[in-house]
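K.L.:
There's a structure below that I have some questions on.
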Amino acid sequence: MNKNIDWSSLGFGYVPTEYRFVSNYKNGEWDEGGLTTDSNIVLNECAGVFQYAQTIFEGLKAYRTVDGHIVTFRPDLNASRLKDSAVRLRIPPYDEAKFVEAVKQVVLANEDMVPPYGSGASLYIRPYMMGTNPVIGVKPADEYQFRIFTTPVGPYFKGGCKPISIRVCDYDRAAPHGTGNIKAGLNYAMSLYAIVEAHELGFDENMYLDAATRTKVEETGGANFIFVTKDNKLVTPKSNSILPSITRRSLMVVAKEYLGMEVEEREVYFDEVKDFAECGLCGTAAVISPVGRINDHGKDIFLPSGMEEMGPVCTKLRETLTGIQMGTIKAPEGWICTIK
């Protein structure tokens, strides 16, 4: 473990590590790939990734558990989701088993940068793919690169998970038959204007409604919603234009199997939001970010859980899932991938 880093003061930003994984696709096949210490990428000015945004990515973390192991959480689902994203953007999919092996390889090579158990920090893992050969006509590239880099990150929230304020956004994040259900860079580029505007107006995030009717809750720029009803039911929006969050899918299992809650994945109408007891945003970075206030064009909706602390159900969900990840609570079969 690297002794030169003050793990307790680590922020959520890029800190380069020594090794990254690189594999190239050329002449119809992926090469074996391997580790490199070079953090720079040299591409032609006309590379497909620059011209037509042909790029996809994933995000997961490696942790040290209570018993000293280095593990990662459900990387097989990241492999599967990256494959789905690749198919949608006409990128040759990377083998799912090789993806998991590459994750293990790069984490093991950078094991001195995996933060200690109990620090609240982790090693963030970013796999991504892009079109690399020159493309000037509108078409998929012929050559691609798959890379994984890692960076140690501190807890997403310094000083605890304070409820955030979000606003109903007038911009659309994704079209009904578009790319909202895959992890493509272009989706996140579309959300940048809206998130900066939200911040300028004093909000932490955006609530995107469905583009077709603007009556149903979809997601934020980078996280899925979860809601808790006043009779202790977990409800998550269902839509073919939101990203299938691995954290959200895991929380649904935790709610049902560990907390004995009823779980519903269904269309959630915005009109219902005022009647929920708790609201959270879920994702890899923070697990759950509690929402205390939703502003609908000047009209505030305050969740009963308040603006002071995370609600009791979201707290229990978060504690249980992080306990599973850190090894203090027994995990469902196949959820924890031990690297060392």
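K.L.:
Using amide H atoms built in the peptide plane, which far-off residues or other-chain residues are under 5 Å from Ala286 H to H?
P.N.:
Those qualifying (amide H under 5 Å, at least 5 residues apart or on another chain) number zero.
K.L.:
Further, regarding this structure: Take the Cα pairs of segment 1-129, get the Kirkwood Rh, then feed it into Stokes-Einstein at 25 °C and 0.890 mPa s and tell me D in µm²/s.
P.N.:
Answer, rounded: 152 µm²/s.
K.L.:
Here's something else I'd like to know. I need the phi-derived Karplus couplings for segment 208-213: 6.51 cos²θ - 1.76 cosθ + 1.60, θ = phi - 60°, integer Hz, Gly and Pro marked x.
P.N.:
Values per residue, Gly and Pro as x: 8, 9, 5, 5, 6, 10 Hz.
K.L.:
Given an 8 Å cut-off on Cα distances and at least 6 residues of separation, report the relative contact order of the chain as a percent.
P.N.:
Computed value for the chain: 19 percent relative contact order.
K.L.:
What whole-number volume per residue, in cubic angstrom, does the convex hull of the C-alpha atoms of the chain give?
P.N.:
Dividing the Cα hull volume of the chain by its residues yields 137 Å³.
K.L.:
Also: Give the lysines reachable from Lys340 as a straight Cα distance under 29 Å; neighbours fewer than 8 places away on the same chain don't count.
P.N.:
Lys3, Lys61, Lys83, Lys98, Lys104, Lys158, Lys183, Lys316, Lys330
K.L.:
How large is the accessible surface per residue of segment 1-134, computed with a 1.4 Å probe and reported in Å² as a whole number?
P.N.:
Heavy-atom SASA per residue in segment 1-134 reads 48 Å².
K.L.:
Separate question: Using only the Cα atoms of segment 155-249, construct the convex hull and provide its projected area averaged over every direction, in square nanometres to one decimal.
P.N.:
Value for segment 155-249: 7.2 nm².
K.L.:
Oh, and also: Which of Tyr63, Tyr14, Tyr25 moves most in a GNM of the chain, Cα contacts under 10 Å?
P.N.:
Among Tyr63, Tyr14, Tyr25, the largest GNM mean-square fluctuation belongs to Tyr14.
K.L.:
When the chain is modelled as a GNM with alpha-carbon springs shorter than 10 Å, which of Ser241, Ser23, Ser39 fluctuates the most?
P.N.:
Largest GNM mean-square fluctuation: Ser39.
K.L.:
How big is the dipole moment of the chain about its Cα centre under a simple scheme where the beta carbon of each Lys and Arg is +1, that of each Asp and Glu is -1, and everything else is neutral? Debye, nearest 20, please.
P.N.:
My answer is approximately 280 debye.
K.L.:
Okay, next question. Enumerate the calculated ³J(HN,Hα) couplings along segment 292-298 in order (Karplus 6.51 cos²θ - 1.76 cosθ + 1.60, θ = phi - 60°), each rounded to whole Hz, writing x wherever the residue is Gly or Pro.
P.N.:
Per residue, the Karplus-derived 3J(HN,Hα) values read x, 9, 10, 9, 10, 6, x Hz.
K.L.:
While we're on this one: Translational D (Stokes-Einstein, µm²/s) of segment 228-340 at 37 °C and 0.692 mPa s when Rh comes from the Kirkwood sum over C-alpha pairs?
P.N.:
Details: Rh = 15.0 Å.
Calculated translational D: 218 µm²/s.
K.L.:
Take the solvent-accessible surface of the protein heavy atoms, probe 1.4 Å, and return the percent of it on the chain that carbon and sulfur atoms account for.
P.N.:
Details: 7820 of 15510 Å².
Answer for the chain is 50 percent, counting heavy atoms of protein chains only.
K.L.:
Sticking with this structure for a sec: Place +1 on the Cβ of every Lys and Arg and -1 on the Cβ of every Asp and Glu in segment 32-153, take the dipole about the Cα centre, and give the residue among Leu108, Leu43, Pro92 whose Cα lies farthest towards its positive end.
P.N.:
With unit charges placed on the Cβ atoms, the residue in question is Pro92.
K.L.:
Another question, if that's okay. Sum -39500 (n - 2.57) across every DSSP H segment of at least 4 residues in the chain, then divide by the residue count to get the 222 nm mean residue ellipticity, nearest 500.
P.N.:
Rounded to the nearest 500, it is -6500 deg cm²/dmol.
The values are calculated or read from the model by the stated rules, or taken from the named source; none is laboratory data. This is a predicted model, so every value here is computed, not measured. Cβ coordinates were reconstructed from backbone atoms using ideal geometry, including for glycine residues, and neighbour counts include every protein chain displayed. Heavy atoms of the whole protein, side chains included, go into the accessibility calculation; ligands, DNA and RNA do not. Shrake-Rupley method; radii C 1.70, N 1.55, O 1.52, S 1.80 Å.
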